[in-house]
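The values are calculated or read from the model by the stated rules, or taken from the named source; none is laboratory data. Please read these numbers as outputs of a predicted model, since none were measured by experiment. Cβ sites come from the backbone with ideal geometry, for glycine too, and all protein chains shown count toward neighbours. Accessible surface areas use protein heavy atoms only, side chains included; no ligands, DNA or RNA. Shrake-Rupley method; radii C 1.70, N 1.55, O 1.52, S 1.80 Å.
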Amino acid sequence: MTVYTALLRKECYTQRSGILGLLLLLPCVPALAFILGKPEILDVDLLPIMGAMVGCVSASFVIGTRLIPDEREGNGYRFLERLPGNLHRAYLAKLTCYVLVIVGCAIYGNLVAQLTLELRGKVLPSEIRFSEIASSAALLIPLCCALWIFAASAWAPSGALAFPTGLICASVLCWPAHYLFVRSDWFVARAWEPWAFYSLSGSAAVLSAWASFAIGLRHSSSRSRAALVGLTVAALLVSPLWAWTAYRWHRVVHLDPSDPEFAILSVQVDENSSMAFVQATREGFGLDDKGRDWPSNPASIHGFRVDLESGAWESCPVDTMALDRNSDSRNLGVAAASLPPGATLSQSRYGFGRAVRDESSRRIGMYDESRARFYAFADVLSEVEERYWFVFLFNMRVLPDHWLVRNEWEFSSRGTSDVWTRIDPGTGERSSVKYLNDDDRIVAIFEDGNLLVARAGGMLRLDVTSGDTQSVELEEWRENALSVMFHTQRTPISVDSLSLFAHYENIATFDPSKNEFRWLPGGNYRLLKQTDSESAVFLDEHKRLVRMDLRTGELTALFPKDS
Amino acid sequence: MKAAIQFVGVEARYGKKRALSDVSFEAPVGSVTALVGSNGAGKSTLIRMIVGLERARAGKVLVGGLLVERNEAAVRRRVGYVPDQSDVYPWMKLRDYFDFLRPHYPSWSPGLAQELAHSYELDLNQRFRDFSRGQKTKAMLAAALTIKPELLLLDEPFGAIDPVAKDEVLRGIIEGVIDNGCSVFVATHDLEMAARIADRVVVLEGGRVRVSGLMEDVLRSDVECSQVPRGLKALIKSESRELRVGA
């Protein structure tokens, strides 16, 4: 027999009554349900896991709170200390005894629960069998709690206080670990983190108890010194948990554009294309591959004011720019700065076309630039309920002296008919539009008032006065996708310079002089603003702002600048 | 001469209270050294330092040339220690106690343990809580002797033993340890016992070594200010240490 086995035997002997009590007590828990005449409360799928948990908690309560206090209160540690094996080996034996009892009770509790289910004739769902969840890091939680109760028993003035003290200390000292099982948008646990957190927490508890018992109590030291040593070691050993969590939080609240995880959520370019307001976050904080999910924690969203000429940037509060979370309106490129000054109009969620809301009257309508006037829908289209206006917005176009409107969807059939209608917003006068078929879709308007129309799987240039059409060349075009192609600027197309059109994630240039569309080079670009006839500002893969030469496809990084 | 125990400028404190102050002495191998002093003089503290149960604030404690604070386990394997009060678990039977100690000491002899228990009239199946104080001391002494120690430390061992048994125990110590060339270091305020068995003496007063050396030299010395040497002198003059010499 070795020193270790002698010590282990001694621990098992001294705790024999507690162990025996646990063996007898655990089957009593389900038996109680039968005695009370409510066996149906045992018919829960999680019973085996609950049995293991009850076993673990009972063992920590019965054994964990006694192993060290018994030794301390009976001055037995003075006997152990004077032996060559000293307190270190004695502690190792105590720990081994404790872990064996905990694991044994967890397995025993599980078996009792499984047996109970068998007796109830209930088949345990295969997905929650104990053996299958044994590989889960979540199992370390009760083990960690049990170890902290053991550690607290080494500090607490009496064993009776060990249980509550252990749980309180575990929750305070290991506070960062709760992020692993409490959903948090800023702390998305990586696969290794639960294992690391719980292992570190458990190790801290074990080493703290060791320090308190084997170091703190030796040389006739007082119990308060032993408690102090144990708590100090615990605090030091859990400090990596805090440090790592603090580092993770620091990465949330501090973001540098040069960081590889820098991800742009939203960009607004000012009217002169000289300044951009960028909202960004770090990859992994809610931003999906399409950039459509925003982090719910405002702390993880960062604002930047960027000088597009020099690439210089400065942090600015996020709320200095309008939040535009509507995915469709992002493609419009209509900057808030282009709205009439003092009009307090907001694009808000009414992003199709140029719909705006008058914040003073809270009415929604269109801003007609040619008349420099706001027209509320309720005045012009009084028969359409407010909730259906968005339907019209998709097919509504503002021409220099009239609007073109078509109702497309059946559920809004209470409104105008499903043919194109010409409306004079000033007088409210209406007339049918002969040059447009019912299925036509207006893709864009030229500055001269003519239209670019998607018709029967092709693209036409339509003269509104004569009704003459010219076909437009489309490069590798998918006919059924024409309906989702739209002019990115929503402003009349210049008749002699390139214009940009979006089709899903792709951008095409339209050359009015040649009457043809050409795709821009591949890549996940999102148009932000066409700065002139030759170039435009794009968001590239949510990573950077680039200026693209529309004729050559050449890219120039604007923000962050290439290092 | 090799030292069994060596104290060099040792200081110990309990909080702000100074328990030992500048303690320096040597106990040669094979000697029987009595550590005498009144209550609170620091005898138990000094004994506990030898087995590493107390830590010196300053100075060094060496046992058989080993620095105690760095060789606690090695020192404890060589030293048989009998504390002044039993610290053995009350629930332990003497047999369990021996079995428990056995793996701790490579030199443990089960036969000798049983023999000593028999000679001290101890029941191997009796629990410590059922032993009298004297029996507990005997049981711990039996265990200390069973490891065949190089140094036997006795902290007030005779206080609880009846006079008849005391002689038996003393004889056992002398036969089992002293005659085998081992050293004995015994802390006591029983001056009679110190005078009977010790050839060296260390007198502690208020945590300081008042006088130390061969018993004869101490008795010849002129240290009259202390009550302890005076008492020793009186005892030795009257009884002439017959037991020690006679053994």
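Worth pointing out:
- List of region A:68-84 residues, accessible area with partners at least 50 Å² below that of the chain alone (1.4 Å probe): A:79, A:82, A:83, A:84
- Chains B and A, summed buried accessible surface - 1.4 Å probe, Å², nearest 100: 2100
- Reference-scaled alpha-carbon Rg (2.2 N^0.38 Å with N residues) for region B:1-125: 1.21
- Fully extending the segment from residue A:2 to residue A:232, taken as 0.36 nm per residue of separation minus the present Cα-Cα distance, adds 79.5 nm.
- D by Stokes-Einstein for region B:69-210, Kirkwood Rh over Cα pairs, 10 °C, 1.306 mPa s: 102 µm²/s.
- Packing-based order for A:433-440, A:85-92, using average beta carbon neighbours within 10 Å, highest first: A:85-92, A:433-440
- In this structure the amide hydrogen of residue A:433, modeled in the peptide plane, comes within under 5 Å of the amide hydrogens of A:420, A:422, none closer than 5 places in sequence on its chain.
- If the chain linking residue A:188 and residue A:496 were pulled fully straight, counting 0.36 nm for each residue of separation and taking away their Cα-Cα distance, it would gain 105.8 nm.
- Net length gained if the chain between residue A:383 and residue A:138 were fully extended (0.36 nm per residue, minus Cα distance): 82.3 nm
- Surface accessible to a 1.4 Å probe, per residue, for the residues of region B:72-114, Å²: 39
- For the residue pairs A:10/B:138; B:17/B:43; B:93/B:136; A:38/A:122; B:2/B:43; A:10/B:136, alpha carbon separations beyond 18 Å are given by A:10/B:138; B:2/B:43; A:10/B:136.
- Shielding value for B:69-79 is 2, the average number of Cβ atoms from other chains within 10 Å of each residue's Cβ.
- Estimated inter-spin distance, residue A:506 and residue A:363, nm [label 7 Å along Cα→Cβ]: 4.3
- FRET efficiency for the residue A:466 to residue A:371 pair, using the beta carbon distance and R₀ = 35 Å, is estimated at 0.85.
- Simple spin-label estimate for residue A:107 and residue A:172 in nanometres, 7 Å along Cα-Cβ: 3.6
- Karplus-derived 3J(HN,Hα), 6.51/-1.76/1.60, for each residue of region A:542-553, Hz, glycine and proline x: 6, 10, 7, 9, 10, 9, 10, 6, 5, 8, 9, x
- Summarising the label geometry, the points placed 7 Å from Cα in the beta-carbon direction at residue A:305 and residue B:69 lie 6.4 nm from one another.
- Within the accessible surface of region A:16-106, defined with a 1.4 Å probe on protein heavy atoms only, the carbon and sulfur portion equals 74 percent.
- Remark on region B:93-118: accessible area falls by at least 10 square angstrom from chain-alone to full-complex state for B:97, B:99, B:100, B:101, B:103, B:104, B:105, probe 1.4 angstrom.
- Look at where the Cα atoms of region A:134-178 and of region B:71-124 average out, and the two centres are 37 Å apart.
- From the alpha carbon centroid of region B:150-190 to that of region A:34-57 is 62 Å.
- Whole-percent carbon and sulfur share, accessible surface of region B:71-197, 1.4 Å: 43
- Computed FRET value (nearest 0.05) for residue A:552 with residue A:123, which takes r as the C-beta separation and R₀ as 60 Å: 0.30
- At an R0 of 35 angstrom, the distance between the Cβ atoms of residue B:121 and residue B:2 translates into a FRET efficiency of 0.45.
- Mean separation of Cα contacts under 8 Å, 6 or more apart, over the residue count of chain B: relative contact order %: 26
- Computed over neighbours whose Cβ is under 13 Å from that of residue B:202, the net charge equals 0, Lys and Arg +1, Asp and Glu -1.
- Distance between the C-alpha centres of region A:61-99 and region A:202-226: 11 Å, rounded to the whole angstrom.
- Cα radius of gyration and Dmax for region A:183-284 (Å): 22.5, 79
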